[in-house]
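Shown next, in C-alpha cells, is the structure this report addresses.
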Amino acid sequence: MMNLTQKIIKNHLISGEMIPGSPIEIRMDQTLTQDATGTMAYMQFEAMGIDQVKTDLSVSYVDHNTLQSGYMNADDHAYLQTVAAKHGIYFSKPGNGICHQVHLERFATPGKTLIGSDSHTPTSSAMGCIAIGAGGLDVAKAMAGIPYRLAMPQVVEVYLTGSLKHGVSSKDIILELLRRLSVKGGVGKVFEYTGPGVKTLSVYQRATITNMGAELGATTSIFPSDEITEAFLKQQDRQQDYQPLAADEGAFYDDRVEIDLSSLQAMAACPNSPDAVKTIAQLQPKKVDQVAIGSCTNSGYEDLMKAANLLKGKKVHPDVSLVISPGSRQVLLKLMQTGALAVFVEAGARILECTCGPCIGMGQSPRSNAVSLRTFNRNFYGRSGTLSAGVYLVSPETAAASAITGVFTDPSTMDYEDAFETEPLIIDDSMILPPSKDPDSVEILRGPNIKPLPQNAAMTESIEKKIVIKLPDNITTDHIAPAGSKVLPYRSNIEKLSTFVFMNNKEHFDQICKENGGGIIVAGENYGQGSSREHAALAPMYLGIKAVVAKSFARIHLANLVNFGILPFTFVNENDYDKLEEMDTCLIRHIPDLYKDKQTVLEDKERNISIPIVCQCTDDDLDIIMEGGALNFIRNHQS
C-alpha cells in the first residue's frame with residue numbers, strides 16, 4: 001500500500017531507496033524559472049554546453065523584475081526571451097502573469113514531476129503532481145537531463161474533515177498548520193492532504209495551501225487528482241491531461257495531522273514570520289494602513305471574486321491604500337468580463353500588473369511604521385521594502401473586509417455572498433512564446449549588466465578563516481541576499497549583488513570579507529529559510545565564504561551551498577554556538593577526511609577551544625564541494 005507521494009516518486013526514481021532520509025535521484029518532467037533566478041539558471045545551463053533542454057517541458061516566466069526604472073531588467077528580459085527561443089524553452093512574457101499561477105492554469109499535470117527555481121513551485125502540487133522548489137543550478141541540471149538529488153522525505157498525512165465556515169479561507173488552513181508546526185516543522189517532509197474535507201476545496205484553494213507549505217520548510221505538499229482536478233482542467237480546456245491519482249486505501253504515513261475545517265477561524269501571521277499566527281479576533285481593532293491582495297498565494301479567479309463580493313457597493317476606508325494584483329492575464333480578462341475589475345476600481349483600489357510586485361518589495365512599499373495586510377506568503381523583516389512596517393499575512397476575505405473598515409476585521413462578521421459568478425472560459429496563450437523552430441538562427445542578447453559567472457576554486461586541505469558574521473535563528477535568504485527594487489536588477493551581476501549581502505544585518509559585510517580573504521559564517525537554527533534564491537549561496541561564495549556552521553539548515557539553501565562549493569556544518573552540541581564570537585579566527589583541518597568521518601572539529605584559535613561539528617553532506621555532495629561546486633564538477637566529468 002503506497003501513499004500518493006511514494007507512487008509518483010517510484011515512477012520517477014532513477015537511483016536510491018525510498019527510505020526516509022536516504023539519498024535518491026528522480027527524473028524531472030518539467031522545469032520552471034522566473035526572471036529573478038532565471039538569468040543565472042540559464043547562464044549555468046549555457047555553461048554546460050547543452051544545445052536543447054532534455055525535459056518534456058521547460059518554461060521561463062518573467063514576473064519578478066518588471067519594474068523597469070532603467071535598462072537592466074529589460075535587458076534581462078531580452079536575454080531570457082532569446083535564450084529560451086534557442087534552447088527549446090517556452091517563454092511567458094512580462095505581463096502574462098506570475099509563474100505559479102500561470103503554470104497551474106496552463107501546464108501543471110497530475111502524476112508529473114516539476115522542479116522550479118522558486119521556493120513556491122509546490123503550488124502546482126495542488127494538481128496531484130510532485131512540484132519542488134530548488135536553486136537555479138539544480139533547475140539548470142534538470143534541463144540538461146541530470147536527475148534531481150534529494151533525501152527521500154517523510155510523508156505526513158494531513159487529514160481534513162468538515163468544511164470551511166463563512167468568512168474562513170483555505171489561507172486559514174495553512175496558517176493553522178504553521179501555527180502548530182512552525183516554519184521548520186516541515187523540513188525533510190511532504191504534506192499529503194487526505195480526508196473528506198479535501199473534496200470541499202477547489203484547486204485554487206488547494207493551491208494556496210501547497211504554495212504556503214513552503215513556509216513550513218517542506219519539500220512539497222500534495223493533493224490527490226480527483227473530480228475537482230478534472231473540473232479545473234476542463235475549465236482550462238486541458239481535460240486530456242487529467243488522470244485520477246490518490247493514495248492506496250490503508251497507505252502508510254510517517255505522521256498524521258488532523259484539522260477540522262469547521263473549527264477554524266480567520267487568522268493572520270504577525271510580523272515577522274509566517275508562523276506567528278493569531279486569530280483576527282485577537283488583533284481587533286488594530287488600525288490598518290495598507291492592504292495588498294494578490295501574489296502567487298491568493299491571486300486566482302476565486303480569490304479575487306471573493307474579495308470583489310466583499311467590496312461590491314462599498315468604498316475603501318479613507319486611511320487605507322488598497323492594491324490588487326491579479327495572478328495572470330487570463331484571470332484579469334475574466335475579472336473584466338464578470339465586472340469584478342470595475343468593482344475594485346469603484347471601491348477605490350489601485351490595480352497593479354499581473355506580477356509578484358509588492359511581495360518582493362518591487363513597489364508599493366508601505367509608509368514608515370505602517371500596518372500592512374497582505375494575502376502573500378512571506379512577511380520577513382524588510383521584505384516589503386520598509387524596515388519599520390509590520391506586515392501581516394491574511395486571506396483575501398480578511399484583507400477586503402479590513403480595507404473597508406480600516407481596522408483588522410473578521411470577514412465572518414460581514415454580510416456578503418460566498419457564491420460568485422461561474423468562471424468564464426477564457427483561454428489566451430498568446431503571450432506564451434514557443435521555442436524557435438530554427439534555433440541556430442537565434443542570437444542571444446546580453447546586456448552590459450549580464451556579467452560572466454564567477455568561478456570557484458577547488459576546496460583546500462584545510463580552512464583557516466575568521467567568523468565574519470554570527471547570526472541568530474531563522475535567518476532567511478532575504479537577510480542574506482535581499483530582494484527589492486534596488487537589488488533585484490543585479491541578479492545577473494554577482495560582483496555588484498555581493499555588495500548587498502547581509503546589508504540589514506552587518507554594514508559593509510562585503511568589505512569585511514574582502515579585507516579578510518573571505519570567512520566562515522556561524523548561524524542558529526533553520527539557516528537559509530525562505531526563497532530558493534541561489535544568490536544567497538552564490539554571492540557569499542564570490543566573497544570567499546568557505547563554510548557555514550549552523551544549528552540547522554533549510555533544505556533548499558543547504559543544497560545551494562553544496563552546489564557552490566561551500567561546506568555546511570552543524571554543531572554536535574548546540575550550546576557550543578554561544579562560545580563563538582564574530583571575528584574569531586577558526587581552523588578546520590583535514591577536509592578530505594570528511595569522506596571517512598563526517599564529524600570533525602572547529603578550532604577557535606582566539607579562545608583556544610575545539611568545537612565538534614558534523615558535515616551535512618553525502619559523499620556525492622563532498623565530490624561536488626571538493627571540486628569547487630557543481631558547475632566545476634559537471635565540466636570536469638563531461639564525457
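The values are calculated or read from the model by the stated rules, or taken from the named source; none is laboratory data. Bear in mind that the values here come from a model prediction, so they are computed numbers and not experimental data. Please note: Cβ atoms are built from the backbone with ideal geometry, for glycine as well, and neighbour counts cover all protein chains shown.
Annotations for the structure displayed:
- Failed item in (1) assigned by TED's automatic domain parsing to the domain that holds Asn11; (2) closer than 30 Å to Asn474 by Cα, with Asp275 passing the rest: (1)
- Of the strands (runs of 3 or more DSSP E) that lie entirely inside segment 530-589, not one contains 3 or more residues that are among the basic types (Lys, Arg), within 30 Å of Thr121 (Cβ to Cβ) and in contact (Cβ under 8 Å) with a residue 12 or more places away in the chain.
- Test: residue in segment 84-106 that is of a type outside the set (Val, Ile, Thr), more than 30 Å from Ile426 (Cβ to Cβ), modelled with pLDDT of 95 or more and not in a loop (DSSP other than H, G, I, E, B): yes
- Evaluated against (1) of a type in the set (Gly, Ala, Ser); (2) out of contact with any His (no Cβ under 6 Å at 6 or more places or on another chain); (3) farther than 16 Å from Tyr159 by Cβ, Ala247 falls short on exactly one condition, (3).
- Residues that are in a helix (DSSP H, G or I), buried (at least 22 other Cβ atoms within 10 Å of the Cβ) and either under 17 Å from the mean Cα position of the chain (by Cα) or hydrophobic (A, V, I, L, M, F, W, C) (or both), drawn from segment 10-62: Asp35, Ala36, Thr37, Gly38, Thr39, Met40, Ala41, Phe45
- Lys465 being farther than 30 Å from Lys93 by Cα, surrounded by fewer than 19 Cβ atoms within 10 Å (Cβ to Cβ) and either out of contact with any Phe, Trp or Tyr (no Cβ under 6 Å at 6 or more places or on another chain) or of a type outside the set (D, E, K, R) (or both): no
- Qualifying residue in segment 383-394 (condition: outside the structural domain of Ala78 (by TED's automatic domain parsing), surrounded by 19 or more Cβ atoms within 10 Å (Cβ to Cβ), modelled with pLDDT of 95 or more and under 26 Å from His103 (Cα atoms)): yes
- Contact map, segment 329-351: residues that are among the hydroxyl-bearing types (Ser, Thr, Tyr) paired with residues that are assigned to a helix (DSSP H, G or I) and modelled with pLDDT of 95 or more, Cβ distance under 9 Å, separation 6+ or inter-chain. Pairs shown: Thr338/Tyr301; Thr338/Met305; Thr338/Ala308.
- Criterion violated by Leu425 - all others in (1) part of a helix (DSSP H, G or I); (2) modelled with pLDDT under 95; (3) surrounded by fewer than 16 Cβ atoms within 10 Å (Cβ to Cβ) satisfied: (1)
- The condition (being in a helix (DSSP H, G or I), assigned by TED's automatic domain parsing to the domain that holds Phe569 and closer than 28 Å to Asn377 by Cα) is satisfied by just one residue among Pro489, Pro482: Pro489.
- The sole residue among Asn516, Asn449 that is surrounded by fewer than 19 Cβ atoms within 10 Å (Cβ to Cβ), of a type in the set (S, T, N, Q) and farther than 30 Å from Asp303 by Cα is Asn516.
- One residue from Thr220, Thr161 being touching a helix residue (DSSP H, G or I) at 6+ places or on another chain (Cβ under 6 Å) and crowded, with 23+ Cβ neighbours inside 10 Å: Thr220
- Some residue of segment 153-166 being in contact with a Lys or Arg (Cβ under 7 Å, 6 or more places away or on another chain), in a loop (DSSP other than H, G, I, E, B) and modelled with pLDDT of 95 or more: yes
- Search result, residues across segment 609-639 that are among the polar types (S, T, N, Q) and over 21 Å from Lys551 (Cα atoms): Asn632, Asn636, Gln638, Ser639
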